[in-house]
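J.: I have a structure here, written as structure tokens, and I will follow up with some questions on it.
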Amino acid sequence: MASQQQPLLAELSEDSATGRIAEIYDEIRRFSGVPYVSSLQRYLATMPGVLEWAWDALRPAMASGAIPETGWRLARTVRLAPAVPVHADTLRRWGIDAAGLAAIRNIAANFVRVSPVNLVTGACLNRLLTGARPSGMGFPDTWTPPAMLPPMPGNVDPGALPPDQRAVLMRLATEVDGKPFIPALYRQIAHWPSVLAWLADELGPRFAAPETAAARTAFRAAARQAAPDIVARLPGVPERTPPNEDTTRRVLATIDRYAETSPEMTMFGQLILDALPGVDAV
């Protein structure tokens, strides 16, 4: 595990986005059907011109639903062994009321929706950065994105947590671009320390389990197999300058790491939804 004294992966927050980046962020939210921009895109936005180049290239496949619908279709085939159900009396003992349960379920639903989109987006971007030069017919622009899910409470700052809660959160950390990275699913759930502790205990053995590895590998492979057809249909690549060699290396490494975490966010988000009772239970 990465040291918690290191800075977290850089990102351009949604509140700080202006101009073209703010416009791209708005479209990412709309076409993904979630009320936030994932850390993958926020990271790309820290490198001058990279998010703009990537979005200009991939936007036709996003706006047409080709990328989102492909991700959601693939996600429906991925499941892990279920967790032991969390009973309503346990939630009450943890201090979770109906509003809290609804918020937690909404967080999980957001990641189940957005993570497959990020996985397919990354697979398509990988092909563009490694030499694909599409000149296809494009996509029909008749798709209607799903209704956006409700907002989430926001990512908890690990540095603002008490040491014991921060230690639990760091159990769920990985590494991207040489820096600690805590997937936002866990930083959102950290608003409820008891639920985060349950999740860390539940997921700890699963991270390295053969079942998880097999499901993750299959999901990632399916996204990579779907990407060539999507990319081939793109009408071209942006005229703006593409990322240089060093930036391309960093972006590809980050995409590769997200190809590990995005399947996990999909599977673990669904695990949370399946383990928790309905809102009317508390």
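J.: Can you name the number of the only condition in (1) over 29 Å from Arg30 (Cβ atoms); (2) at pLDDT below 95; (3) touching a Lys or Arg at 6+ places or on another chain (Cβ under 9 Å) that Ala200 fails?
T.: Going through the list (1) over 29 Å from Arg30 (Cβ atoms); (2) at pLDDT below 95; (3) touching a Lys or Arg at 6+ places or on another chain (Cβ under 9 Å), Ala200 breaks only (2).
J.: Exactly one of (1) under 21 Å from the mean Cα position of the chain (by Cα); (2) surrounded by fewer than 22 Cβ atoms within 10 Å (Cβ to Cβ); (3) farther than 22 Å from Glu175 by Cβ is unmet by Ala253. Its number?
T.: Unmet condition: (3).
J.: Here are some conditions: (1) polar (S, T, N, Q); (2) over 19 Å from Pro263 (Cβ atoms); (3) modelled with pLDDT under 95. Gln165 meets all but one. Which one does it not meet?
T.: If we test Gln165 against (1) polar (S, T, N, Q); (2) over 19 Å from Pro263 (Cβ atoms); (3) modelled with pLDDT under 95, just (3) comes out false.
J.: Return yes or no: is Pro193 at pLDDT below 95 and more than 24 Å from Thr77 (Cβ to Cβ)?
T.: Taking the combined requirement at face value, the residue does not satisfy it.
J.: Does Thr217 fit the bill of being farther than 29 Å from Leu101 by Cα and polar (S, T, N, Q)?
T.: Against the criterion (farther than 29 Å from Leu101 by Cα and polar (S, T, N, Q)), Thr217 qualifies.
J.: Among the residues of region 29-38 satisfying the criterion of being in contact (Cβ under 8 Å) with a residue 24 or more places away in the chain and buried (at least 23 other Cβ atoms within 10 Å of the Cβ), which is nearest to the chain's Cα centre (by Cα)?
T.: The selected residue is Ser38.
J.: Let me ask another. Being among the hydroxyl-bearing types (Ser, Thr, Tyr), under 30 Å from Pro277 (Cα atoms), touching a helix residue (DSSP H, G or I) at 6+ places or on another chain (Cβ under 8 Å) and surrounded by fewer than 20 Cβ atoms within 10 Å (Cβ to Cβ) narrows it down to one of Thr77, Thr90, so name that one.
T.: Thr77
J.: Restricting to region 162-177, name every residue that is in a loop (DSSP other than H, G, I, E, B) and either of a type in the set (Ser, Thr, Tyr) or exposed (fewer than 13 other Cβ atoms within 10 Å of the Cβ) (or both).
T.: Pro162
J.: Looking for whichever is touching a Gly at 6+ places or on another chain (Cβ under 8 Å) and of a type outside the set (S, T, N, Q) here; the options are Ala259, Ala208, Ala227, Ala197. Which one fits?
T.: Exactly one residue qualifies, and that residue is Ala259.
J.: Would you confirm, using the coordinates I've provided, whether Ala218 is surrounded by 12 or more Cβ atoms within 10 Å (Cβ to Cβ), under 18 Å from the mean Cα position of the chain (by Cα) and closer than 21 Å to Leu119 by Cα?
T.: yes
J.: Restricting the search to region 212-229, which residues are closer than 16 Å to Thr121 by Cβ and in contact with a helix residue (DSSP H, G or I) (Cβ under 7 Å, 6 or more places away or on another chain)?
T.: If the condition is that a residue be closer than 16 Å to Thr121 by Cβ and in contact with a helix residue (DSSP H, G or I) (Cβ under 7 Å, 6 or more places away or on another chain), then Phe219, Arg220, Ala222, Ala223, Arg224, Ala226, Ala227, Pro228 are the ones that fit.
J.: Suppose we keep only residues that are at pLDDT 95 or above, not aliphatic (A, V, I, L, M) and not in a helix (DSSP H, G or I) within region 32-47. Which one would you say is farthest from Ala17 (Cα to Cα)?
T.: Gly33
The values are calculated or read from the model by the stated rules, or taken from the named source; none is laboratory data. What you see is a predicted model, and the numbers here were worked out from it, not measured in a lab. Note: ideal-geometry Cβ built from the backbone for every residue, glycine included; neighbour counts use all protein chains shown.
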